[in-house]
Every structure is written in structure tokens, then in C-alpha cells.
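Report on the structure given below.
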Amino acid sequence: MEVTSTADDRNNCNYEQNNIYKKTATVNGSNSLNQIQPSCLWKPSQRYQTNLHKFIAYVNKKFNKTFENYDDLYNWSVEDYSSFWGAWWEYGGFLTTVNHSMVVDTTVNIKDVPVWFPGTKLNFAENLLRYRDEKPALYATGEYDPCGRSVTYNTLYQRTIMYAKALKVLGIKEKDRVAGYLPNGITAVEGMLGTAALGAIWSSTSPDFGVSGVLDRFTQIEPSIIISVEAVMYNGKIHDHLSKLKKVVDNLPSVKKVIIAPFVHKKEEIDISSIPNSMFLDDFLWIGEDETFKFCQVPFNHPLFIMFSSGTTGAPKCIVHSVGGTLIQIAKEHILHCDLNRKDVMMYYTTTGWMMWNWLVVGLYSGCSLVLYDGSPLLPTPSALWDLVDRLGGTDIISCFIGANPLLPVYEGEIQCRLLGMGIKTLDEEGNEVMDERGEYSNIWTHGDYCVINSKTGGIVMLGRSDGTLNPNGVRFGSSEIYGIVEQFVEVSDSLCIAQRNKMEEERVLLFLKMNENYGFNPALRKAIQSKIRSELSARHVPSVILPIKDIPYTVSGKKVEVAVRQIIHKEEVLNKGSLANPEALDLYVNIPELSV
């Protein structure tokens, strides 16, 4: 049976009852939404056979199914998820040395962390490097190097072996941690692959993070090796990185060696004598010249990446991602949902400190070429990234739970669909599944975003965070990171940091300061706090608005109340004032003139 793109009525871009949803600011906090007629921006070709078409045909043959469209496949993928993931594992052609005995025990609850693909042995780097030819694997460019340079799959494979052998000489073995304090470039990808080749664990953050932000993260994981650079360029300026790197290394006793990759300057122009146990990248790579190497085969659930929470309720918390889970999940998105193949070029503007960097590099499994961009996206002109797309070609896709689909139309303001194997639902405050009104994700696991699922198009509109996570311009972090800086100022007694959304659902960060007695708020203090946050964390952490406030609301159990203040700012009803120790403090946040948007 041939599967076509037009099997369901969602491909009809002209029917009248499609809706795009915008949140209505109401005094009573209702979840009612404005309904606006959307535009169909793109419709799939009926003639083009995508990877998803081919996968549906594969599933139909293997399981004797008669799936005709994406909805059929999606519903099966979440209802019979063991069969779905087993089918994708086989169809995806992942490289293993030992096959699994089963996919997963479906009787095990998610809270008990079921073991997926037990018995499987594989290597993450080996899978990403399954192509070893002369096709470009990486294009690296940015403010520091507008012309850019490329690395082929064959060269990337050889360089990965060099990194792995050198790391092995330095004593790195399975489950040891290697940290990258790096810009988005070739060194970051090579360092990650060399680490994964040995079965070790990679964790990275970007140079725009200040010393405190890095130490909050890396102190917890005790890395043995740090790979970094001497300087970066952003917004037309060169920023020295060695002074920050020295402070980080001085406070990480676990670090045995620091590898410096020249990024802006030439090697002979760089003095690394102040960095303990440091050496240049090219010297590091040659120390493993005589070392033997083979890809370390590890279980499916072997740790691969350590990432970090946003720090909403304290210091950023470690999140460990497995070898097999990372590979099979992201490859599914790239190959089935993004329809990537060896002819494609993919770009995502990200830093190494965001999970989208990890998502991006898994694109190597599809055999496409990746574009790595570092620096301001607006220089030398606001069209810098689009100019790059014109020069290379590119694909820009987001999300892990919801995202792209080559079989369905694209509607203005909506993310296309729920992805295969992702049982996504929105629930109201009573826990009932809802469509066409605001809710969150399933009660099995809460993502922390408000969204609306369109019952007609199947598309999803995101409405911002439902918890205290801040997400200005796509950069996620927690309010506790801001509090850690503000508390250093003797003038400030207390503070509250939240996000405010405008009508376009764009976020900006607001910071309220409760002043200590005998101290007043003034422009000099505002500037000092902004400067401190910029230097200790990053420019992206700096609040857009800083205002004085007479009181900060707390719960009776002593927890700072952020969500209720955010509801007040957005003119929504606060339902649970009884849990507050000082509910009258909320009145201070009503109708603040500076917050009109």
C-alpha cells in the first residue's frame, strides 16, 4: 500500500475552522482564548516520498497494519510504544556489537525508571561517525571567522580517534567526566566525540557563562579534563577568556589537565602560563600518537551527557542522558520528522550550554552537514544568519516532544504536531484532557510549559512557562542564579525575579528589589547589579527591567512566591492566596506603569 501526504483532512489548508490561539488577558484568570483565522504557510507535496512515508510502509509490512496517515502512526506509537521503538531501532540501522534481549518491560512505571533495550552494547561516537567519506560533516563560522572552514566525515573520524587516544593517555576511562567550556565550533564537537568514544561523559557550557555559573555546574560533576579557548568574539568585540578560565580551574581540584584551543588568536600570541596544568590543543593531540584505540562498547543506558536544570529552586541540578536514549530519540526527530538525509545541510543557532547543541550534533547520524555558528546573529548585518543559509542551505527545527512533520501542512503560529512515541496531552486544573484551551503536558511527566493543542490542525501553540523558569530569547535559566548575585549587595534585603510575556509571547526578565533599611534604589545600584550579573553569569541573564518594591510574597512554609506575582503581572487570577504568609504583598505588583506592554 502506498502512503500519501493527503491521507487526512489536515492537509486541506483552506477549511474554515482552523484556529491560531493567543492567550486572552482576563481579570478572572479564565483560560478562554482568542480565535484568529490562521494562514497555511506550506503544504507537503503529494509526489515526494519522505523518510516518514517509507517508515509507515515498513511498519505496515512488519506488523500487518494499514496505517494511511500520520495520526494512525502516532496513535500506535504511544499506545504500543514498545513495538514502535523496536521498529524504529531496526529501521534506523543503529550500530551495535550486542543486540537487545527485549525493548522494555512495559509493566514498569516511569517513576521506577524502566530499562530500555537491555543487553545492547554500542558506542555513541561510532554511530555518529558511521559515514567516513569526503562529504562535509561540519561547517564552522561566526564573527571570528566569517569565511568559515569545513571538516569532512573522514577527517572528523580521524580527529575523533586522536582526541580519544590523547584522553586515554591522560587516564580518561568509562564514566570519567570531560568538560567543555567552549564556543559552538569544531573543537566542541571533536572533544565530545573523543570523550564518547571512550565511554566517558561529556558536559559543556558556553564562554558567556561567568565564573559562578560555571562553578555551580562543574563543581557537582568533578571533571578530570577541561577543554577551553583563550578568547571569544561577540557583538564585534574580542573578550578574553583566560582570566575566567583560571578562576574556574583554581576552584576545581578534580581537574588534572586543561586543554586550550586557540580560537581568536594565533598560538604564538597566547600566554597560558597562568592556567595550572594547561597545554595547547595541538600538543595534546600528539601525546596519544602511539596509543591503541577501539570504540568502547557500553550498555544502552550508559551515561553520555550531563546537562543541568535551570536552577529555579536552587543550584542547577545534574541531568544525566544515556547513550542509547539520546541517539535513538534525536535520530528519530532528524530522520523521520525533519526528513534529513545525506544531501541536507542543517543549522541551529545555539550555544554549547543549551540542550539544542547536543540535539544538533546528533544530526551527524543522518549523514547531513551541520553548520556551527558562534557569535552575534546580528553582525555584521541583521541578515547574517540568512546570508549564511543562502551560502550553504539550512534546516532550522525545534523541539523534542512536538515539532516538524513532512506529511502535514504548516500553519501560522503553530508547531506542527506531537512527535512519534511522545504521549503528549494538555490537562486543565482538574486533570481532564483538553483541546483548544490552555493546559500543560501529561500528568505522567510535566514539561512546565503552557500550550494549546488545536483540535482541527493537530498543531500546538506554546504559551510560555508554567513554572519559575526564565526563557528570554530562548535562553533558559533559573531565578536562583539571579538571586545568588543580588544577595551580594548590602543595599538589597530581598529580591524577586520573574518573566513577563508580551502579546507576541516573547519573554523579558523582571527583577524586583526590596531595599534594606537606610538604603534607597537609584540608577547607580541598577547599573552595578546589571554589571555584576553580566560578569558573573552572562549578558543574557541581565534583567530588562529592575524596579524597587516594598515587599516580597512568601508561602507559609517560607518559599518565595514567583508564579503568583507572574499571574498578577499578566492580569490573571491568583487562586491559592491561602498558602501565602503575606498575601497583601501581591497588591504591590498590580498595574505597575513600567510593566505596560
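The values are calculated or read from the model by the stated rules, or taken from the named source; none is laboratory data. Only a predicted model underlies this, so the values are computations on that prediction, with no experimental measurement involved. We place every Cβ from the backbone using ideal geometry, glycine too, and count neighbours over all the protein chains shown. In case anyone asks, the SASA skips ligands and DNA or RNA and just uses the protein heavy atoms, side chains included. Shrake-Rupley method; radii C 1.70, N 1.55, O 1.52, S 1.80 Å.
Checking each residue in the range 478-537 for being assigned to a loop (DSSP other than H, G, I, E, B) and of a type in the set (D, E, K, R) picks out E487, E491, K503, E505, E506, E517.
Residue check: is I306 buried (at least 16 other Cβ atoms within 10 Å of the Cβ), in contact with a Cys (Cβ under 6 Å, 6 or more places away or on another chain) and in a strand (DSSP E or B)? Yes: the conditions hold for I306.
Assess whether Y131 counts as being part of a helix (DSSP H, G or I), open to solvent by 20 Å² or more (accessible area, probe 1.4 Å) and touching a Phe, Trp or Tyr at 6+ places or on another chain (Cβ under 6 Å). Against the criterion (part of a helix (DSSP H, G or I), open to solvent by 20 Å² or more (accessible area, probe 1.4 Å) and touching a Phe, Trp or Tyr at 6+ places or on another chain (Cβ under 6 Å)), Y131 does not qualify.
Sub-7 Å Cβ pairs linking a first residue in the range 86-114 that is farther than 26 Å from L340 by Cα and hydroxyl-bearing (S, T, Y) to a second residue that is part of a loop (DSSP other than H, G, I, E, B) and at pLDDT below 95, at least 6 apart or interchain, number zero. Flag not set for K332, criterion: among the charged types (D, E, K, R), out of contact with any strand residue (DSSP E or B) (no Cβ under 6 Å at 6 or more places or on another chain) and modelled with pLDDT under 95.
Selection of the range 379-391 for residues being open to solvent by 40 Å² or more (accessible area, probe 1.4 Å) and free of Cβ contacts under 8 Å to residues at least 40 places away in the same chain yields T381, P382, S383, W386, D387, D390, R391.
The residues of the range 249-291 that are among the β-branched types (V, I, T) and either at pLDDT 95 or above or under 16 Å from L193 (Cα atoms) (or both), listed by number, are V249, V255, V258, I259, I260, I270, I272, I275, I287. Quick check on the range 279-289. Is at least one of its residues open to solvent by less than 30 Å² (accessible area, probe 1.4 Å), of a type in the set (F, W, Y) and part of a strand (DSSP E or B)? Yes: one or more hits. Number of residues in the range 316-362 that are within 21 Å of W85 (Cα to Cα), outside any helix (DSSP H, G or I) and charged (D, E, K, R) equals 1. At pLDDT 95 or above and more than 16 Å from the chain's Cα centre (by Cα) - does that describe any residue in the range 351-365? Yes, the range 351-365 has at least one match. Filtering the range 422-461 to residues that are buried (at least 18 other Cβ atoms within 10 Å of the Cβ), at pLDDT 65 or above and part of a strand (DSSP E or B) leaves D449, Y450, C451, V452, I453, I460, V461. Among the residues of the range 581-597, those identified as in a loop (DSSP other than H, G, I, E, B) and within 15 Å of K571 (Cα to Cα) are V590, N591, I592, S596, V597.
Determine whether the range 206-219 contains at least one residue that is within 24 Å of F295 (Cα to Cα), in the same structural domain as F300 (by the TED database) and surrounded by fewer than 23 Cβ atoms within 10 Å (Cβ to Cβ). Checking the range 206-219: not a single residue is within 24 Å of F295 (Cα to Cα), in the same structural domain as F300 (by the TED database) and surrounded by fewer than 23 Cβ atoms within 10 Å (Cβ to Cβ).
Across the range 315-337, the qualifying residues are those that are open to solvent by less than 20 Å² (accessible area, probe 1.4 Å) and more than 26 Å from D176 (Cβ to Cβ), and the one among them that is farthest from the chain's Cα centre (by Cα) is L336.
Restricting attention to the range 222-254, the residues being open to solvent by less than 10 Å² (accessible area, probe 1.4 Å) and in a helix (DSSP H, G or I) number 2. The C-beta contact set for the range 506-528 (first residue open to solvent by less than 50 Å² (accessible area, probe 1.4 Å), second residue of a type in the set (K, R), distance under 6 angstrom, 6+ apart or interchain) comprises E507/R501. The set of residues in the range 319-345 that are of a type in the set (S, T, Y) and either closer than 14 Å to H53 by Cα or in contact with a helix residue (DSSP H, G or I) (Cβ under 9 Å, 6 or more places away or on another chain) (or both) contains only T326. Name every residue in the range 348-369 that is closer than 18 Å to Y144 by Cβ, out of contact with any Ser or Thr (no Cβ under 8 Å at 6 or more places or on another chain) and open to solvent by less than 10 Å² (accessible area, probe 1.4 Å), in order of residue number. Listed by number, the list holds a single entry, T350.
Scanning for something open to solvent by 60 Å² or more (accessible area, probe 1.4 Å) and either more than 25 Å from K247 (Cβ to Cβ) or not assigned by the TED database to the domain that holds K244 (or both), does the range 561-571 turn up at least one residue? Within the range 561-571 (the criterion being open to solvent by 60 Å² or more (accessible area, probe 1.4 Å) and either more than 25 Å from K247 (Cβ to Cβ) or not assigned by the TED database to the domain that holds K244 (or both)), the answer is yes, since at least one residue qualifies.
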